[in-house]
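Report on the following structure.
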Amino acid sequence: MREPMRRAFAVFVVAMSFALASACGNRRSSITVAGSTAFQPFAEKLADQFMTVRPTANIIVQGGGSAVGIQSTLSGTAQIGMADLVTLPEEAKGLRATEVARDGIAVVVHPSNRINDLTMDQLRRIFSGSIRNWRDLGGSDGMITVVSREAGSGTRISYEQIVGDLVLTKEAIVQDSNGTIRETVANDPNAVGYLSHGLLNEKIKAVTIDGVACTNEAIQSNQYVLARPIYLLIRGEPMPDTQAFIDYILSAEGQQTLQSSGLIPVK
């Protein structure tokens with residue numbers, strides 16, 4: 001595991017030790033779900049719904065990134081890992097992966113930016129630092145602020161894998177969640193970043209990629225290429241409440257919740 005991933009996992013373990021200690025004495029079964037920060041807010045909403053119909057369950061949802069989701073599931077620190085990766089790494093092959101949704105990765109700029117469309121080649125050159133000014137793309141004169149996720153983020157791994165041949169510029173601002181990327185871009189007229197399309201709002205503008213918008217329809221039809229599956233991972237035989245939570249997410253109610261929240265259901 002790379003050093004940034006080790007640090008992230010160590011911080012997660014410390015945080016979870018406090019969370020689990022506080023849960024001691026609770027007779028309900030405690031299930032920890034950890035990993036993808038892109039899926040975290042959706043998992044929290046689903047957990048709240050699930051616990052109203054399954055009072056024996058106590059779901060604790062933590063972020064940390066997809067790498068943390070995989071490692072915490074392997075170590076047993078979490079009962080369910082969340083990973084939003086195009087391809088799961090080799091160390092995850094010993095885990096049982098269930099795809100529960102699909103998610104588009106929207107490339108976003110400030111609403112005042114005149115740029116409305118970018119090609120994959122332009123994305124590669126922007127994020128690698130070889131295109132540095134918006135005027136070189138037909139926009140206003142302004143140095144581009146590249147905003148990216150941290151190492152170990154499933155969104156970053158998937159984005160770089162799909163774009164291809166991308167070595168992130170050292171000038172990039174690195175943020176630890178989709179929410180902080182959204183706020184950074186919203187507050188910088190020259191910024192460009194990427195995030196889960198389920199978190200788009202009026203503060204930022206999603207550009208089309210090679211003329212294709214990041215919409216549910218385009219993702220479902222595979223026309224929009226910046227998309228990835230969202231997996232829930234478990235190790236070994238799950239506890240009844242653990243399996244029941246996954247089953248709930250795959251139920252009609254759970255899938256409808258994901259769809260109404262901006263993700264693409266698998267059922």
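The values are calculated or read from the model by the stated rules, or taken from the named source; none is laboratory data. This one's a predicted model, so the numbers in the text were calculated from it and none came from an experiment. Reconstructed Cβ throughout: ideal geometry from the backbone, glycine too, with neighbour counts over all protein chains shown. These accessible areas exclude ligands, DNA and RNA; they are computed on the full protein's heavy atoms, side chains included. Shrake-Rupley method; radii C 1.70, N 1.55, O 1.52, S 1.80 Å.
Inspect all residues belonging to the range 173-194 and state whether any of them is open to solvent by less than 30 Å² (accessible area, probe 1.4 Å), assigned to a helix (DSSP H, G or I) and aromatic (Phe, Trp, Tyr).
No, the range 173-194 contains no residue that is open to solvent by less than 30 Å² (accessible area, probe 1.4 Å), assigned to a helix (DSSP H, G or I) and aromatic (Phe, Trp, Tyr).
Kindly indicate which of 162, 144, 157 is open to solvent by 20 Å² or more (accessible area, probe 1.4 Å) and either modelled with pLDDT under 95 or more than 22 Å from residue 227 (Cα to Cα) (or both).
Result of the check over 162, 144, 157: 144.
Which one of 221, 251, 260 is among the hydroxyl-bearing types (Ser, Thr, Tyr) and within 20 Å of the chain's Cα centre (by Cα)?
260
Any chance the range 226-238 includes a residue that's open to solvent by 10 Å² or more (accessible area, probe 1.4 Å), farther than 24 Å from residue 35 by Cβ, free of Cβ contacts under 8 Å to residues at least 60 places away in the same chain and charged (D, E, K, R)?
No: zero hits.
Residue 176: farther than 24 Å from residue 83 by Cα and among the acidic types (Asp, Glu), yes or no?
In short, no.
If residue 245 passes every condition in (1) more than 16 Å from the chain's Cα centre (by Cα); (2) open to solvent by 20 Å² or more (accessible area, probe 1.4 Å) but one, which one does it miss?
With respect to (1) more than 16 Å from the chain's Cα centre (by Cα); (2) open to solvent by 20 Å² or more (accessible area, probe 1.4 Å), residue 245 is out only on (2).
Under 20 Å from the mean Cα position of the chain (by Cα), open to solvent by 10 Å² or more (accessible area, probe 1.4 Å) and either under 30 Å from residue 143 (Cα atoms) or among the β-branched types (Val, Ile, Thr) (or both): does that describe residue 119?
no
For the range 1-113, please list each of the helices (runs of 4 or more DSSP H) lying entirely inside it that holds at least 1 residues being open to solvent by less than 40 Å² (accessible area, probe 1.4 Å) and at pLDDT 95 or above.
40-53, 66-75
Can you tell me which residue among 190, 201, 222 is touching a residue at least 40 places away in the same chain (Cβ under 8 Å) and polar (S, T, N, Q)?
190
List the residue pairs whose Cβ atoms are under 7 Å apart, where the first residue sits in the range 119-135 and is at positive phi, the second is surrounded by 15 or more Cβ atoms within 10 Å (Cβ to Cβ), and the two are 6 or more positions apart or on different chains.
Filtered contacts from the range 119-135: 129/169.
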